[in-house]
Amino acid sequence: MSVSCAVVPELPVLDHDTVLQAVPPATAIECVRQGLLRFHAGEWAMPAKVYLQSPPFGDFRAMPARGDGLALLKWITSFPGNPQRGLPTVNGVICLSDAETGQPVMLLDARSVTALRTGAVAAVAASALARSDARTVGIVGCGLHGAWTARCMVAAGYGLGVCHDPQADAAAALAGELDWRTGTPAEALACDVVCCVTPGNSVVVDIGSLHAGLHLNMLGADGPGKAEASIGAVASCVLFCDEWEQASHGGELTGAIEAGLVARSDVTELGAVLAGDAPGRPGAESVTLFDSTGLAIQDLAVAAAAFAAWEDNRVQAQTVRL
Ligand SMILES: NC(=O)c1ccc[n+]([C@@H]2O[C@H](COP(=O)([O-])OP(=O)(O)OC[C@H]3O[C@@H](n4cnc5c(N)ncnc54)[C@H](O)[C@@H]3O)[C@@H](O)[C@H]2O)c1
């Protein structure tokens, strides 16, 4: 007996390099800004991400979002021991679907989308929260996401920058690429905007590191048990986050919240500031801190831009038939 089925169209697949070709940093920044606004307005939906532990190796994360006629699922890993095997720590696949029919419309490499949207949100947060005369950028942690954060900060008009990493070659490579310089932790932390993108297993920002007018983007602590700043440093800043539920359970703010030093009313979501529904930086001398935990709506914003680039024939895709 034969089972008839509707014709299944070919599905475009965007690899790592094609995603980066499709979505330059400046586009990613604007798309992520729009995504945060649409989510704040209740037009985009995002259930909480689901963690699936794979002990002792790491974890998988399933991250769904829906908006602008598309739905996305990112299936992404964090396997810290992978570099020893010659494999990336973070890897995975994104499925983009039509929100009206449920049909998959594209598969995308998740590493490139994640790197772009993570760098992009740092630039969006700095533009909204740093002093208007802020220019210099300190990058603490110059690995994959530190590098894309720096590239997005350049695309948003920031620089010169100081790159710091205990792996001197990582800092030198990034500084060389951007015509910035390498420096000590103190030199990086003395910049107008400081982006911390370390693995989050040791404190790189303490109270003594803070200077008047500083804006901090804390990007490395994106899961339970990670932190890049001391609890005292966090509690002494004016606080912002990407999304309260996620940030309060698995982000830079979590330690200060658990210690009873920070409450929901002390933290403003970035989308509310972008929409003009909440104040941003209170004054030129304030120290602001943005906690990025990484949202599926950021992935949706970048994946939708990559899909649009393919539809407009600006990039070519491989195809598969499921
Ligand atoms: N917020 C988000 O949306 C988001 C997205 C992706 C990744 N992340 C997180 O960002 C962190 C970095 O990820 P990655 O993929 O860039 O990792 P990576 O391994 O490529 O880079 C981390 C870099 O930090 C450096 N480093 C370690 N300790 C340091 C210290 N004390 N001071 C300065 N640099 C130090 C390492 O030498 C390395 O170069 C991870 O914790 C990851 O989970 C967050």
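Annotations
- Pairs of alpha carbons in the stretch 120-294 separated by more than 23 Å make up 31% of all such pairs.
- Longest exposed-site-free window of the chain, the sites being GluC sites (Glu not before Pro) in a DSSP loop that have at most 16 other C-beta atoms within 10 Å: 101-284
- Taking other C-beta atoms within 10 angstrom as a stand-in for reagent exposure, SER97, SER54, SER78 fall in the order SER54, SER97, SER78, fewest first.
- Spin-label model, ALA284/GLU10: points 7 Å from Cα along the beta carbon direction are separated by 5.9 nm.
- Here the dipole of the chain is about 260 debye; that uses its Cα centre as origin and unit charges on the Cβ of Lys and Arg (positive) and Asp and Glu (negative).
- The separation of the stretch 33-82 from the stretch 221-248, counted between C-alpha centres, amounts to 19 Å.
- Summed over all non-identical Cα pairs, the Kirkwood treatment of the chain gives a radius of 20.0 Å.
- Between the Cα long axis of helix 25-40 and the first principal axis of the chain there is an angle of about 90°, rounded to the nearest 10.
- Think of it as helices only: each DSSP H run of n ≥ 4 in the chain is worth -39500 (n - 2.57), and spread over all residues that comes to -10000 deg cm²/dmol at 222 nm.
- More than 15 angstrom apart: percent of Cα pairs within the stretch 231-311: 60 percent
- Rounded to 5, the percent of DSSP beta bridges in the chain classed as antiparallel: 50 percent
- When you count the other C-beta atoms within 10 angstrom of each residue and take the mean per peptide, 16-25, 84-93 line up highest first as 16-25, 84-93.
Rule-based calculations on the coordinates, nothing more; no lab input. Remember, predicted model here, so these are calculated numbers, not experimental data. A quick note on method: Cβ atoms are made from the backbone with ideal geometry, for glycine too, and the neighbour counts reach across all protein chains shown.
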